[in-house]
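*Asks:* Quick one: this structure, given as structure tokens, is what I'll be asking you about.
The values are calculated or read from the model by the stated rules, or taken from the named source; none is laboratory data. Given the structure is predicted, the values throughout are model-derived calculations rather than measurements. Here Cβ is always computed from backbone atoms with ideal geometry, including for glycine, and neighbour counts include all displayed protein chains. Quick note on the areas: whole protein, heavy atoms, side chains included, nothing else; ligands and nucleic acids left out. Shrake-Rupley method; radii C 1.70, N 1.55, O 1.52, S 1.80 Å.
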Amino acid sequence: LMPEGFEKQINESELIDLLEFLTHRGRYTPIDLRKYATVVSTKGMFNNENSRVERLIFSDWSPKTYEGVPFLLVDPQGDQVANAIMLNGRYGRIPPTMPKSVVLPCNSAATSIHLLSGISGWGAQGAREDGSVSVVLRLHYADGTSEDHELRNGYHFADYIGRFDVPGSEFAFALRGQQLRYLAIHPRRADVIESIELKKGPDATAPVVMAITVESATVSP
């Protein structure tokens with residue numbers, strides 16, 4: 001337990017260091033996306049940086065919890081710091097400049113990988129049984145092998161622009177008129193995962209990930 005108001009006495013970097021310490025070897029480990037973010041979500045993200053619609057804005061950027069899972073957000077400091085991962089997309093002015101792959105460190109075994117994501121530019125506005133692949137989440141194990149999980153438009157991913165529900169993810173946060181969704185993937189092996197790669201699928205969407213948390217096996221007190 002921390003004294004009331006403790007979080008106001010430390011800066012953002014110190015708070016992140018504290019969270020990393022508290023979650024070390026615990027059940028949940030949020031991944032710090034500061035070094036890997038590709039886009040500023042408080043600016044227009046798709047066609048025009050001045051667009052007030054094409055933005056994902058929290059009222060505050062403190063850590064968030066959804067269904068008991070803690071997530072660490074990157075504070076964009078107004079609109080100065082990249083705070084989300086957007087992968088390459090076919091349409092608009094900004095998505096074609098984004099990377100087709102981003103690799104994040106993991107270095108632990110995991111029972112689940114939780115994402116605040118499930119949204120994209122030009123995403124589905126409803127469920128699709130035969131949705132195209134928007135993202136391949138590739139787990140790179142320490143033994144050199146890998147494992148792919150396909151995340152599909154119309155099943156895991158939907159358009160960010162409004163409340164569009166799809167069966168493979170859950171509505172998590174309303175960001176003004178836009179949505180942010182939650183989903184989890186479950187590794188098929190209990191071995192150490194060296195890194196998590198977010199690889200763009202072949203479809204035209206521009207997928208967005210705002211936070212990732214790795215869940216290990218439950219730790220006994």
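*Asks:* So how many residues does segment 149-159 have that are aromatic (F, W, Y) and open to solvent by less than 20 Å² (accessible area, probe 1.4 Å)?
*Replies:* Summing the residues that are aromatic (F, W, Y) and open to solvent by less than 20 Å² (accessible area, probe 1.4 Å) in segment 149-159 gives 1.
*Asks:* While we're here: I'd like to know if segment 204-214 contains one or more residues that are open to solvent by 50 Å² or more (accessible area, probe 1.4 Å), at pLDDT 95 or above and either within 22 Å of Y36 (Cα to Cα) or outside any loop (DSSP other than H, G, I, E, B) (or both).
*Replies:* no
*Asks:* Shifting gears a bit: Test V166 against the criterion of being under 21 Å from D32 (Cβ atoms), in contact (Cβ under 8 Å) with a residue 12 or more places away in the chain and either open to solvent by less than 20 Å² (accessible area, probe 1.4 Å) or under 13 Å from the mean Cα position of the chain (by Cα) (or both), and give yes or no.
*Replies:* no
*Asks:* Also, quick follow-up: Please go through segment 170-188 and pick out each residue that is open to solvent by 70 Å² or more (accessible area, probe 1.4 Å) and either in contact with a His (Cβ under 6 Å, 6 or more places away or on another chain) or under 17 Å from T111 (Cβ atoms) (or both).
*Replies:* Within segment 170-188, H186, R188 meet the criteria.
*Asks:* Is it the case that segment 143-150 has a residue that's farther than 28 Å from W61 by Cα, modelled with pLDDT of 95 or more and in contact with a His (Cβ under 7 Å, 6 or more places away or on another chain)?
*Replies:* Within segment 143-150 (the criterion being farther than 28 Å from W61 by Cα, modelled with pLDDT of 95 or more and in contact with a His (Cβ under 7 Å, 6 or more places away or on another chain)), the answer is yes, since at least one residue qualifies.
*Asks:* If you go through segment 52-78 one residue at a time, how many are more than 15 Å from the chain's Cα centre (by Cα) and closer than 16 Å to L183 by Cβ?
*Replies:* The total comes to 2.
*Asks:* If we scan segment 49-57, do we find a residue that is touching a helix residue (DSSP H, G or I) at 6+ places or on another chain (Cβ under 9 Å) and not charged (D, E, K, R)?
*Replies:* No: segment 49-57 contains no residue that is touching a helix residue (DSSP H, G or I) at 6+ places or on another chain (Cβ under 9 Å) and not charged (D, E, K, R).
*Asks:* For segment 117-143, which residues satisfy the criterion of being free of Cβ contacts under 8 Å to residues at least 60 places away in the same chain and open to solvent by 70 Å² or more (accessible area, probe 1.4 Å)?
*Replies:* Q125, A127, R128, E129, D130, D143, listed by residue number.
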